[in-house]
Amino acid sequence: MLFRAASAGVRRWALEVDAVHHSIEVSRRSVLQNGAVFGSFSGAEGLTWEFPVMSKYKFGNRRVKPFVEAGPSFRLPPGNSSLFGVAKGAARL
């Protein structure tokens, strides 16, 4: 996996953009209206680039530095995988 990040912030707010290159496993299935599975497929692998754009909010004091972050994530897909999603996170530094 290859990971690159850039971040800029003012006081408690920051904007972070990442570029992540990693392998992905693609699977899909079609479900009929009666609930029956038709045309299930799993196991194709490929490489993809993902670009999460995160808004980060930091709170706490000098000893405990928690933060929360969330934002959209965009992908250059292999095959028929999704082009976008949502990323979120929380941590204590």
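Every number in this text was worked out from the coordinates using simple rules, so none of it is lab data. Since we're looking at a predicted model, the values are computed, not measured. For neighbour counting, all protein chains shown are included, and Cβ atoms are generated from backbone atoms with ideal geometry for every residue, glycine included.
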So, over other residues within a Cβ distance under 10 Å of residue 66, counting Lys, Arg +1 and Asp, Glu -1, the net charge is +3
Each label sits 7 Å from Cα toward the beta-carbon; between residue 5 and residue 53 the label points are separated, in nm, by 1.9 nm
Filtered hits (aspartates and glutamates, Cα-Cα < 18 Å from residue 56, offset >= 8 within chain) -> 16, 18, 69
Given all pairs of distinct Cα atoms, the chain yields a Kirkwood Rh in Å of 15.7 Å
For segment 1-91 the trypsin sites (Lys or Arg not before Pro) that pass both the DSSP coil test and the at-most-14 other-Cβ-within-10 Å test are 11, 12, 62, 63
